[in-house]
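Everything on this sheet refers to the single structure shown next.
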Amino acid sequence: MRIPLWVEASRLKVLVFGGGSVGARRAKFFSAAGAEVRVLAKKVVPELQVLGVEIKLVDLYQYDPSDDIRWADVVVVAVDDPVLAEQLFRKAESMGKLVNDATDASRTHVVVPYERVVGGLRIAVTSEGAAGTPARLSLDVIEGCIKNSWIPLFFQIYKQLKAEAKEAIKETKKRLAYYQALVEDEEFLELVKAGRAQEALARGRAIMSKILNLA
Ligand SMILES: C[C@@]1(CC(=O)O)C2=NC(=C\c3[nH]c(c(CCC(=O)O)c3CC(=O)O)Cc3[nH]c(c(CC(=O)O)c3CCC(=O)O)/C=C3\N/C(=C\2)[C@@H](CCC(=O)O)[C@]3(C)CC(=O)O)/[C@H]1CCC(=O)O
Ligand SMILES: NC(=O)c1ccc[n+]([C@@H]2O[C@H](COP(=O)([O-])OP(=O)(O)OC[C@H]3O[C@@H](n4cnc5c(N)ncnc54)[C@H](O)[C@@H]3O)[C@@H](O)[C@H]2O)c1
């Protein structure tokens, strides 16, 4: 079973097999987020040459990529030859690496989702290869739902109050009790839902004072 995680990309070394449109997309995706990227391919598209990532032009039926695989944390398979793709997948897998196999969703270890930022929240959706277009279009529906709701304002207010609580309430347990009290306070939530930002903030701060004044 695959699980969702947010991973700091600058910690990753990513090896990409294939430098066509999919390989270039992965190279850009990972390197733009700070990962170290190395591409191995017979030929690469021009978009990839300007990314500033390491490129080795090799025929993977002749070149042994064992050292490159050992170097990597994540291995991407994006060659257009299914026999070669399976061979590379098996090799990287047997060497204990996490593989993003763009050529076969059923065996991939790592999925690249459809992603968007809505009202401060990062939303990622995937069908894990079953039906990509519905996954992509669902982002429009999700964005519409969130934008038309009280969540964006709640996000702003909660973020502000959380920052203030981290400064004002030194004890972790008390701080957690504050978050709990906040979300259980009907008046606070009603003000948020009614879009009364200043009053909601004031109510949140009053609850904070109450928690601070408790023994
Ligand atoms: C989000 C995005 C990220 C990215 O790839 O960058 C992404 N696919 C995108 C585009 C795209 N995908 C495909 C086309 C061709 C036309 C079409 O079919 O529409 C196009 C369009 C194009 O290439 O332009 C077809 C396709 N997709 C997969 C296979 C292999 C298979 O199904 O086995 C095949 C061949 C199917 C076959 O041979 O029949 C597999 C995967 N594609 C995924 C993600 C993962 C889970 C997706 C999910 O289900 O949620 C997974 C598992 C790969 C992974 O995680 O690496 C990106 C958004 C770009 C954007 O919108 O910006
Ligand atoms: N995950 C996705 O979103 C998605 C989308 C479209 C296609 N795909 C899959 O990804 C594959 C690649 O798609 P693409 O559009 O990037 O293909 P492409 O033809 O543009 O690129 C293929 C790359 O593989 C390299 N290659 C092939 N044989 C090689 C060898 N022997 N040695 C070294 N390099 C070799 C080529 O040089 C090229 O760089 C497709 O065949 C399909 O299975 C996945």
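The values are calculated or read from the model by the stated rules, or taken from the named source; none is laboratory data. Computed from a prediction, not measured in an experiment: that's the story for all the values here. Neighbour counts run over all protein chains shown; Cβ positions are idealised from the backbone, glycine included. Quick note on the areas: whole protein, heavy atoms, side chains included, nothing else; ligands and nucleic acids left out. Shrake-Rupley method; radii C 1.70, N 1.55, O 1.52, S 1.80 Å.
Some points to look at:
- Any hit, region 96-103, residues being open to solvent by 80 Å² or more (accessible area, probe 1.4 Å), of a type in the set (D, E, K, R) and either within 14 Å of ligand 1 (Cβ to nearest atom) or without any contact (Cβ under 8 Å) to a residue 12 or more places away in the chain (or both): no
- Boolean, residue 142 is aliphatic (A, V, I, L, M), away from ligand 1 (no atom under 15 Å from the Cβ) and not in a loop (DSSP other than H, G, I, E, B): no
- Test: residue in region 196-208 that is open to solvent by less than 100 Å² (accessible area, probe 1.4 Å) and either closer than 25 Å to residue 116 by Cβ or within 29 Å of the chain's Cα centre (by Cα) (or both): yes
- Per the listing 7, 39, the residue uniquely closer than 23 Å to residue 128 by Cβ, aliphatic (A, V, I, L, M) and either under 25 Å from the mean Cα position of the chain (by Cα) or within 13 Å of ligand 2 (Cβ to nearest atom) (or both) is 7.
- For beta carbons closer than 6 Å, sequence separation of 6+ or different chains, a first residue in region 128-140 that is open to solvent by 60 Å² or more (accessible area, probe 1.4 Å) and a second that is within 13 Å of ligand 2 (Cβ to nearest atom) and polar (S, T, N, Q), there are no qualifying pairs.
- When 25, 11, 38 are screened for being more than 16 Å from ligand 1 (Cβ to nearest atom), open to solvent by 100 Å² or more (accessible area, probe 1.4 Å) and either closer than 18 Å to residue 101 by Cβ or out of contact with any Lys or Arg (no Cβ under 9 Å at 6 or more places or on another chain) (or both), only 11 passes.
- Residue 13 meets the conditions (1) over 21 Å from residue 90 (Cα atoms); (2) of a type outside the set (Asp, Glu); (3) in contact with a Phe, Trp or Tyr (Cβ under 7 Å, 6 or more places away or on another chain) in every case but one. The failed one is (1).
- Among residues of region 111-127, those that are surrounded by 14 or more Cβ atoms within 10 Å (Cβ to Cβ) and either in contact with a strand residue (DSSP E or B) (Cβ under 8 Å, 6 or more places away or on another chain) or under 16 Å from residue 3 (Cα atoms) (or both), counted: 10
- Residue tally, condition open to solvent by less than 60 Å² (accessible area, probe 1.4 Å), under 18 Å from residue 214 (Cα atoms) and assigned to a helix (DSSP H, G or I), over region 148-190: 10
- Near pairs, Cβ below 9 angstrom, 6+ apart or cross-chain, from region 201-212 (more than 12 Å from residue 169 (Cβ to Cβ)) to any residue that is open to solvent by 60 Å² or more (accessible area, probe 1.4 Å): 201/160; 203/187; 204/158; 204/160
- All positions within region 60-77 that are surrounded by 14 or more Cβ atoms within 10 Å (Cβ to Cβ) and within 9 Å of ligand 2 (Cβ to nearest atom): 60, 77
- Scanning region 78-94 for residues that are among the hydrophobic types (A, V, I, L, M, F, W, C) and open to solvent by less than 60 Å² (accessible area, probe 1.4 Å) yields 78, 79, 84, 85, 88, 89, 92.
- Scanning region 116-142 for residues that are within 16 Å of ligand 2 (Cβ to nearest atom) and among the aliphatic types (A, V, I, L, M) turns up 124, 125, 130, 131, 135, 137, 139.
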